[in-house]
Amino acid sequence: MFLKQLCLVFFLCLTQWVISQEDTASCDLSCHCIRNVTPAGVMISHVHPKNEWMVSYRYMQMGMGTPIQGSTSISGLDVYNTYLAYSPSMRMDMHMVMGMVGISDRLTAMVMVNYLSNSMSMNMLSGHMHTMPGMSMSTDTHMEMNTNGLGDTKLHALYGIIKTNATQLVLSVGTSLPTGSMQQKGLSDDMFYAGSRLPYMMQLGSGTWDALPGITFVTQKSKWAFSGQIQGIVRLNKNKIGYHFGNEVSATTWLGYNWWKGFGSSVRLEGTWAGKIEGLDNTIYTYNEIAANTNNYGGTRLQGLVGLSYQFEEGFVTDHRLAVEYGLPIYQQLNGIQNKSNQTWMASWSYSF
């Protein structure tokens, strides 16, 4: 429900700004305001003038803690009622390199590649024995799962439906190419996944071609900036293993302020809805642990974030920009049992020329 309300707020604000939009400029660049306070975690904020390039690097770290069922915290013992192992923590680190170029004053092309590092710790209930197909094992055991490598590649085309010095309304269409591996396997001494595929969230790619539609509105006046954005991920096929991740819709809105020269700050709300996995990897035993069960994927999350940014305006670092952002969960209503989100860190560097 809250995600629908967030989308409604976005469109109401968008309508009001479009109706009141005048051609008078509050900034002095045809692309966007010279002092850009866009949060580090926002990938698409505006189109570029013809022949302008922008390259950027972004780092994101997501930490996840003890499991919840729906929105209620549960203990490890509750998990052991159904599953052989319990995961008290998870972490994902993502490194993203992005390039953008203005094809025309309204059309911008964008490509993004990323490198992922995933880690998950697991414990088994101490002092018991569990029997799995073909073997029995002591439960006085702790294990770590780790994967890393290139993820899926994303291509976008951005078109400025409205493009003035102060305001832009940007339509984005894109696709996700299945360049990330789906064949990450456990080590030979792995308790559950010895030489076999690790669970879905530990893989580096989706294995599917995905459509990436979106719309972004951003406006600046004097030292203030406001933006709203809605994006989607539509899974177009099942991968060769026989499943696809659920479709996703995300909405974010942020308010930024430029305090002094190139220094700014922002506050942001981001809500995401995701569906369950459709299909199954038949090599994964569903009750190993919660990440092995396709019913334990998807749901609704809302987080709040604060950010700082600095855009250099003098010397050899002119047109370089640094930003950081930190987020905490506000609301989580998840399908099945999943590890709850704890915190998110993001940092970015960009250079326009």
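GNM, the chain, Cα, under 10 Å: largest mean-square fluctuation among HIS46, HIS156, HIS142? Sorting by GNM fluctuation, first place goes to HIS142.
In the chain, the longest principal axis of the Cα atoms and the axis of helix 2-20 are about 10 degrees apart. Farthest towards the positive end of the charge dipole of the chain, among the residues GLN311, MET122, VAL218, is the Cα of VAL218, using unit charges on the Cβ of Lys, Arg, Asp and Glu.
Rounded to the nearest 0.05, what FRET efficiency is calculated for SER222 and THR66 with R0 set to 51 Å and r the Cβ-Cβ distance? It would help to have the intermediate numbers written out before the result.
Numbers: r = 45 Å, r/R0 = 0.88.
Computed FRET efficiency for SER222 and THR66 comes out at 0.70.
The calculated 222 nm mean residue ellipticity attributable to helices in the chain amounts to -2000 deg cm²/dmol, summing -39500 (n - 2.57) over DSSP H runs of n ≥ 4 and dividing by all residues. With a 10 Å cut-off between alpha carbons and a GNM built on the chain, which of THR147, THR167, THR38 moves the most? The residue that fluctuates most here is THR147. Expressed as a whole percent, the proportion of Cα-Cα pairs in region 238-282 lying more than 18 Å apart is 57%.
Modelled this way, with points 7 Å down the Cα-to-C-beta line, the labels at THR153 and VAL267 are 4.1 nm from one another. Rg and Dmax over the alpha-carbon atoms of the chain stand at 22.1, 74 Å. Put simply, the Cα atoms of region 213-348 extend 58, 28, 28 Å along their principal axes, the longest span coming first.
Picking from THR252, GLN184, GLN61, whose Cα lies most toward the positive end of the charge dipole for the chain (charges on Cβ: Lys, Arg +1; Asp, Glu -1)? So the residue furthest toward the plus end is THR252. Placing unit charges on the Cβ atoms only, positive for Lys and Arg and negative for Asp and Glu, gives the chain a dipole magnitude near 500 debye about its Cα centre. Ellipsoid fit via the Cα gyration tensor, region 268-353: semi-axes of 39, 16, 10 Å, each the root of five times an eigenvalue, largest first.
When +1 charges are put on Lys and Arg Cβ atoms and -1 charges on Asp and Glu Cβ atoms, the dipole computed for region 241-353 relative to its Cα centre reaches about 260 debye. Taking the chain as the region of interest, the number of lysine pairs whose Cα atoms are within less than 23 Å, with members eight or more places apart or on different chains, is 17.
So, R0 is 30 Å and r is the distance between the beta-carbons of LEU255 and TYR59; what FRET efficiency does that work out to, to 0.05?
Details: r = 24 Å, r/R0 = 0.79.
The pair LEU255/TYR59 has a calculated efficiency of 0.80.
Coordinate-derived values only; no laboratory data. In this text, all values refer to a predicted model and were calculated from it rather than measured experimentally. Counting neighbours? That spans all protein chains shown, and the Cβs are built from the backbone with ideal geometry, glycine included.
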